[in-house]
Amino acid sequence: QVQLVESGGGLMQPGGSLRLSCAASGLTVSSVVMSWYRQAPGKEREWVALITGVSGTMNYADSVKGRFTISRDNAKNTVSLEMNSLKPEDTAVYYCYAFFRGPNWGQGTQVTVSS
């Protein structure tokens, strides 16, 4: 059974930084594509970033490119999202996602960017 557990969300002022983590069990993060999505109030869930399995290639949505960095720790079987230069429009619930024997979502972690 796959389980994805996010942590690290919170309240941050504009321009600040946060680091989200996704602890995975039931799959190996270095063997699958791991992604972060987010959903702002009243909006559809949108893709934010991904890291591929074998090569570790990273890709980002244009809205976060240059500010967010996705990474993984194979030893801990975790994936992280380092978020810098945060903007109010980054406010959302952030979800970890992996397709492994079907779609797998975490429960989400709230990120609020406000002064």
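The mean accessible area for residues of the chain, using a 1.4 Å probe and ignoring ligands and nucleic acids, is 52 Å² per residue. Counted over all Cα-Cα pairs of the chain, pairs farther apart than 17 Å make up 49 percent. The GluC sites (Glu not before Pro) found in the range 35-97 that occupy coil by DSSP, while having at most 10 further C-beta atoms within 10 Å, are Glu44. Partner lysines whose Cα lies under 25 Å from the Cα of Lys65, excluding those fewer than 8 positions away in the same chain, are identified as Lys43, Lys87. Comparing Arg38, Arg101, Arg72 in a Gaussian network model of the chain (Cα springs below 10 Å), the most mobile by mean-square fluctuation is Arg101. Extension gain for the segment Ser25 to Ser71, taken as residue separation times 0.36 nm less the Cα-Cα distance, is 14.9 nm to one decimal. Rounded to the nearest percent, how much of the accessible area of the chain (1.4 Å probe, protein heavy atoms only) is carbon and sulfur? Solvent-exposed carbon and sulfur of the chain make up 49 percent of the total.
Simple point charges give the picture: +1 on the Cβ of Lys and Arg, -1 on the Cβ of Asp and Glu, and for the chain a dipole about the Cα centre of about 120 debye.
The values are calculated or read from the model by the stated rules, or taken from the named source; none is laboratory data. Everything quoted here is computed from the prediction, not taken from an experiment. Backbone-built Cβ (ideal geometry, glycine too); neighbour counts: all protein chains shown. Calculation scope for accessible area: heavy atoms of the full protein, side chains included, ligands and nucleic acids excluded. Shrake-Rupley method; radii C 1.70, N 1.55, O 1.52, S 1.80 Å.
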